[in-house]
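What follows is calculated from the coordinates using simple rules that are stated; it is not laboratory data. Just so it is clear, the structure is predicted and the values come from calculations on it, not from any experiment. Here the Cβ positions follow ideal geometry from the backbone for every residue, glycine too, while neighbour counts run over all protein chains shown.
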Amino acid sequence: MIRIVIAEDQRMVLGALGSLLDLEEDMEVVGKANNGEEVLKLIEQLQPDVCIMDIEMPIKTGLDAAEELKESDCKVIILTTFARSGYFERARKAGVNGYLLKDSPSEELANSIRVIMDGRRIYAPELVDMAYEEENPLTERESQVLALIANGKNTKEIASELFITTGTVRNYISVILDKLDVGNRIEAISRFKEKGWFK
């Protein structure tokens with residue numbers, strides 16, 4: 001019997017997923033969580049074979065939890081609505097066994113679980129294509145500057161935090177807008193977020 005724990009912050013989706021998987025003769029849902037922190041506790045207590053989790057959850061995201069489970073024996077499947085290359089890249093680095101999209105047919109999930117239990121990895125085809133298509137165009141430093149802008153810091157605060165001049169910060173910002181092909185900081189943040197490039 002494949003023992004499964006599910007983490008999903010939308011209760012209806014959580015209930016539906018649990019019911020669907022419980023219908024499979026070789027699977028049993030042994031625990032359900034609403035966020036990444038809860039699921040880590042459940043995995044420790046219940047030692048399931050597989051954990052299926054969403055990415056965007058409160059307290060701790062699915063990707064944060066997956067990174068903490070990197071060394072564990074529990075196989076991790078990310079099940080999300082977000083086909084974003086940055087998320088996929090981070091999930092792969094965390095060593096997840098599967099990355100599937102919620103709009104896939106339900107029988108595909110059960111089959112994927114069996115395949116993953118056999119030691120293989122499964123990634124939604126759209127993501128694989130996307131991962132090869134688009135890389136984050138910003139350097140590490142430019143990404144750092146944009147992350148600070150996203151955190152509400154102004155030019156002066158960024159300069160003092162990174163030990164550079166305000167002129168240098170302004171140069172970085174103009175390069176960032178140019179590389180992301182956007183007109184202002186807010187568009188830059190939303191484009192970067194949309195692509196899942198924030199670490």
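Would you check if there is a residue in segment 171-181 being of a type in the set (Phe, Trp, Tyr) and over 22 Å from the mean Cα position of the chain (by Cα)?
Yes, that holds for at least one residue.
Quick one: residue 136 ticks every box in (1) buried (at least 17 other Cβ atoms within 10 Å of the Cβ); (2) over 21 Å from the mean Cα position of the chain (by Cα) bar one, so which box is it?
Every condition holds for residue 136 apart from (2).
Within segment 147-174, track down each residue that is loosely packed, with under 15 Cβ neighbours inside 10 Å and assigned to a helix (DSSP H, G or I).
Scanning segment 147-174 gives 156, 160, 161, 166, 167, 170, 171, 174.
Could you check how many residues of segment 66-120 are in a strand (DSSP E or B), in contact with a Phe, Trp or Tyr (Cβ under 9 Å, 6 or more places away or on another chain) and among the aliphatic types (A, V, I, L, M)?
Taking segment 66-120 as the starting set, the residues that turn out to be in a strand (DSSP E or B) are 75-80, 98-101.
With in contact with a Phe, Trp or Tyr (Cβ under 9 Å, 6 or more places away or on another chain) added as a condition, the list becomes 77-80, 98-101.
This time we only want the ones that are among the aliphatic types (A, V, I, L, M), so: 77-79, 100-101.
The qualifying residues number 5.
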